Each structure stands twice: as structure tokens, then as C-alpha cells.
Amino acid sequence: MNEDVLNKVLEAKENRKEVILATQLENGNQLFLNDKKEDGLSSNLKQIASDLIKNKKSGVINIGNNRWFIDISLPSLRLLVVGAVHIAQPLANIASVCEFDITIIDPRSTFATEKRFPNIKVLKDWPSEALNNLVIDDRTAIVTLTHDPKLDDSALEIALKSRAFYIGSLGSSKTHESRKKRLEKSGFTEKQIKKINGPVGIDIRAKSPNEIAVAIMSEIIFTYRS
């Protein structure tokens, strides 16, 4: 991979963009197909590979006597957890095993520590500020766990306007009804508020933090695969 192509791929991955890379199998020549400016070859490759690109599946295409491998790389699945509480610890561990990138968000420095969340990205910003600075795409799940409306609601207001494929919030049914009323007062519609999975997680009668984390992660995976 030449330096120019490598830099473009790394930049796209850094910004959580889909990467479409074409490699000529006969000689290893590579083209980065994300560029808006296209030459004739790039345009032909994208046109012939349109079905692969549409379905986000890698594969081999032919142009004349040449065979090209179209490698389509999507951003990693990601879980943003608001609230560095006790449930967040097993949830982060389970999500990591499921190959999600994890970010913990909590301005309370007592909770948001590297000791409690080793090898996990921790942001100590206010939730709305942190989420506004992140790319929330359709491969991102957001879960709020703090039980504090000041923290959870500020995150949910950003999440509901985003492309996140999953939004969940911890709390009882009564707590969720109160949450819905607050969001309605903030101008959100019933349709928007229905995007929130609350109480969060599949009902498996979970009680312990580990069990609740399993229920939450199960619901996230189910939603993504549905």
C-alpha cells in the first residue's frame, strides 16, 4: 500500500467512515475509492462494484482481463456508556468480548478512573459535550446508567437526534415514564422518545450487575442484527 492510499485509509478510519479499497490482483496496485474526485478507472470500478458497495460486501470484480478485489471495511461497532457506575464495568467487559469499541463518559472523577476501567477510553466531560464531540453513526449504541436526570437527559437529548442504532437508559418503568415526560417538555415527540429502550435490556429477570450487563448487551446485539 503506497503512502498516499495508506494516509487516506487511516484518515477515513479515524473519522469512522466506510473504506472502499480496490486491489488489482495481478500486480497489487491499489486505489482508494472513497474519493469524490474520480478518474476513469475509479469510476469504472465503482460502477461495476456497485452491488458490492450497496450491500457492503467485499468481493472480486473483473474489468477486461484484470481482476480487482474490492475490500469494504466498515467502522467498528461502538458502545458509548454514560455513567461510570458499577454496571458499566461488566458491561464494558462483555461489550469488549463482543468486539465493540467502548467509551465511558462521566464527569464525576471519583467514578471515571482508569483503575476501574483499565484499557478502556474514559471521558470526564459532561455527557452532552462528550457526545457532541464524537461521530455518532449508525454503528454506535448509547446507554445511560447514571440514574441522574441531569446527566442522563443531557446525553439522551443528543442521542435522540443522532444516527445511533440503539439507545438505552437504566431505570424502572416508573423512572422511564418520568424521563419521557421531561423529554416531552424539552420538545421531543413521542415517536422520537420511543427510540429509547427503557427499562434498558432484555427482560431476563436480571438482578446482579453482571446479569444486567448481559441483558443490556443482548438487547444491543438483537437490535443490531434485526
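For the chain, what % of the accessible area comes from carbon and sulfur atoms, probe 1.4 Å?
Carbon and sulfur: 48 percent of the exposed surface of the chain.
Leaving out ligands and nucleic acids, and using a 1.4 Å probe, what accessible area per residue does region 14-143 come to in Å²?
54
Would you tally the net charge around T103, using a Cβ to Cβ cut-off of less than 10 Å, leaving T103 out, and scoring K and R as +1, D and E as -1?
Net charge around T103: +1.
In deg cm²/dmol, rounded to 500, what helix-only [θ] at 222 nm does the chain give when every DSSP H run of at least 4 residues adds -39500 (n - 2.57) and the total is split over its residues?
Helices in the chain give a 222 nm mean residue ellipticity of -11500 deg cm²/dmol.
Provide the FRET efficiency to the nearest 0.05 for the D125-E190 pair, computing r from the beta carbons and using R0 = 45 Å.
Efficiency for this residue pair is about 0.90.
Could you tell me which residue out of F111, Q30, I53 lies farthest along the dipole of the chain toward its positive end? Charges go on the beta carbon: Lys and Arg +1, Asp and Glu -1, centred on the Cα centre.
Sorting the options by dipole projection puts first F111.
Once you have the Cα-Cα distance between S73 and K150, take 0.36 nm times their residue separation minus that, and quote the gain in nm to one decimal.
Contour length minus the Cα-Cα distance gives 24.0 nm.
How much length is gained on full extension from N62 to S43, taking 0.36 nm per residue of separation minus their Cα-Cα distance?
Gain on stretching N62 to S43: 5.5 nm.
Excluding T23 itself, calculate the net charge of residues whose Cβ lies under 11 Å from the Cβ of T23, where each Lys or Arg counts +1 and each Asp or Glu counts -1.
-1
Using +1 on the beta carbon of Lys and Arg, -1 on that of Asp and Glu, and nothing else charged, what's the dipole of the chain about the Cα centre, debye to 20?
Here the chain has a charge dipole of around 780 debye.
Give the ranking of R16, R67, R205 by solvent-accessible surface, highest area first, calculated with a 1.4 Å probe.
So, going from the largest accessible area down, we get R205, R67, R16.
Of the listed values [x] 8, 28, 37, 18, 8, 1; [y] 7, 30, 31, 20, 10, 1; [z] 7, 29, 27, 18, 14, 5, 0, identify the label whose number matches P(r) over Cα pairs in 10 Å bins from 0, in percent calculated from this model.
Comparing each candidate, only [z] matches the computed number.
So how strong a dipole does region 111-226 carry about its Cα centre when Lys and Arg Cβ are +1 and Asp and Glu Cβ are -1, to the nearest 20 debye?
Dipole about the Cα centre, nearest 20: 140 debye.
With charges only on Cβ, +1 for K and R and -1 for D and E, what is the dipole size of region 89-176 about its Cα centre, in debye, rounded to 20?
Result for region 89-176 is approximately 180 debye, rounded to the nearest 20.
The values are calculated or read from the model by the stated rules, or taken from the named source; none is laboratory data. Because the structure is a prediction, the values reported are computed rather than measured. Neighbour counts are summed over all protein chains in view; Cβ atoms, including those assigned to glycine, are modelled from backbone coordinates with ideal geometry. All accessible areas refer to the heavy atoms of the entire protein, side chains included, with ligands and DNA or RNA removed. Shrake-Rupley method; radii C 1.70, N 1.55, O 1.52, S 1.80 Å.
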